[in-house]
1. At what distance in nm do the modelled label points of VAL69 and LYS266 sit from each other, each positioned 7 Å from its Cα along Cα→Cβ?
2. How would ARG311, ARG225, ARG177, ARG106 rank on accessible area, largest to smallest, probe 1.4 Å?
3. Can you pull out the GluC sites (Glu not before Pro) in the stretch 190-281 whose DSSP state is coil and whose Cβ has at most 14 other Cβ atoms within 10 Å?
4. Provide, for q = 0.14, 0.20 Å⁻¹, the log10 of I(q)/I(0) from a solvent-free Debye sum over equal Cα point scatterers in the stretch 164-275.
5. Strictly over 29 Å apart at the Cα level, which of LYS238/LYS322; LYS233/LYS312; LYS111/LYS234; LYS212/LYS234 would you flag in this model?
6. Using 0.36 nm per residue of separation minus the Cα-Cα distance, give me the extension gain between GLU157 and GLU231 in nm, one decimal.
7. Hey, for a label at SER168 modelled as a point 7 Å past Cα toward Cβ, could you say which residues of the stretch 49-69 have their backbone N under 18 Å away?
8. With just the Cα atoms of the stretch 218-257, tell me how far they stretch along each of the three principal axes, in Å, largest first.
Amino acid sequence: MWNLTLHSIVPKLLLNCLLRLLLIITLSGAIRPDLYPRKDIVLQQSSLDAGQGRLHTRLKYDFRTCDLVVHLIEAQDLPAPDPISGSFSDPYIRISLLPNVDERVRQSSVKRRTLNPYFNEYFKFPLDFDDVKDKTLLFHLYDYDKFSRHTPMGEVEISMANVDVSNSVEMWCDVQRQHKVAGESGEILLSLSYLPTAERLTVVVMKAKDLKLSTAAPSADPFVRVCLMVEGKKVKRKKTSVRRGSVNPVWNEGLAFNVPAEILPKVSLEVCVQDHDLLGHGELLGRCLLGGTDRPGEDQGHWKDMLTNQRKSVAMWHVLRK
């Protein structure tokens with residue numbers, strides 16, 4: 001009696017399931033696979049460089065916003081600093097997509113005293129999906145130093161032609177020793193301070209290093225021009241003296257601007273290093289942008305440090321780009 005009842009119930013259950021499935025197809029027009037969760041594709045990218053660590057990231061193209069989304073998850077087993085220096089590792093990562101899609105600097109936060117930093121940060125690059133395969137995604141890892149040049153810890157290079165980002169792709173990549181960063185034209189050390197009682201913003205141009213010339217000239221005659229901008233409009237320009245015959249010039253010159261406290265949040269600075277030319281403005285060797293509320297990365301961090309520590313001078317190295 002029991003077996004007969006069970007055999008009669010099972011076909012009815014199957015029939016009900018089939019009827020429900022047909023009803024869903026009829027109402028929606030088709031089964032939608034995007035409604036069902038799918039696991040990420042996991043890729044491994046190896047390097048011949050041993051002992052440089054690994055980078056964990058996730059890539060996906062957002063068809064709704066037309067952005068390549070880079071989820072920077074973590075790094076593991078990064079190389080330790082020289083034990084003689086007695087310093088700790090404070091790693092951060094700069095992320096770029098070449099050829100460049102815009103002028104924004106994309107940079108992670110700094111993680112203090114660790115060789116296994118966990119970031120969990122997202123970065124977006126606006127571009128058409130058909131152009132993704134022609135790009136190269138670069139991660140440059142640095143050890144942060146507030147008062148000296150940041151130490152390269154390694155790099156990861158991903159050819160986007162080898163990655164299908166129409167679906168989410170999780171990647172583990174071996175970190176390689178860092179090569180020369182494309183598009184960078186040296187570095188400049190700047191100090192910022194704001195005195196609220198006098199409403200004075202002071203930029204001390206300290207020195208530059210490894211300036212790059214596009215010509216075959218053996219050396220340069222560099223000077224620095226600083227433009228004060230309010231809501232993106234240039235309102236004041238000042239410049240340093242010229243340093244003859246050097247790609248590693250030292251200035252230690254202060255340039256002061258009168259900036260009322262109420263407009264300080266709208267202010268940004270454009271710092272340009274130029275090669276002096278008697279016949280014109282000279283070749284642009286490199287530039288960097290500081291301040292502004294919509295500019296992420298190291299330049300923004302320096303500006304925030306200045307605002308947080310008013311009346312104090314805050315120095316930091318900045319990468320120059322053309």
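The values are calculated or read from the model by the stated rules, or taken from the named source; none is laboratory data. Predicted model, so just to flag it, every value in this text is computed and none were measured. Quick reminder, even Gly has a Cβ in these numbers, built from the backbone with ideal geometry, and neighbours come from all protein chains shown. Just the protein is used for accessible areas: all its heavy atoms, side chains included, with ligands, DNA and RNA removed. Shrake-Rupley method; radii C 1.70, N 1.55, O 1.52, S 1.80 Å.
1. The answer from the label model is 3.5 nm.
2. Values: ARG311 155, ARG225 55, ARG177 125, ARG106 10 Å².
My answer, sorted largest first, is ARG311, ARG177, ARG225, ARG106.
3. Numbers: sites: GLU199, GLU231, GLU253, GLU262, GLU270; in loops: GLU199, GLU231.
Passing sites in the stretch 190-281 are GLU231.
4. Log10 of I(q)/I(0), two decimals: -0.71, -1.04.
5. Working: LYS238/LYS322 20 Å; LYS233/LYS312 27 Å; LYS111/LYS234 35 Å; LYS212/LYS234 26 Å.
Listed pairs above 29 Å: LYS111/LYS234.
6. On the way: separation 74, 0.36 × 74 = 26.64 nm, distance 3.55 nm.
In short, 23.1 nm is gained.
7. 56-69
8. Computed over the Cα atoms, the extents are 38, 19, 11 Å.
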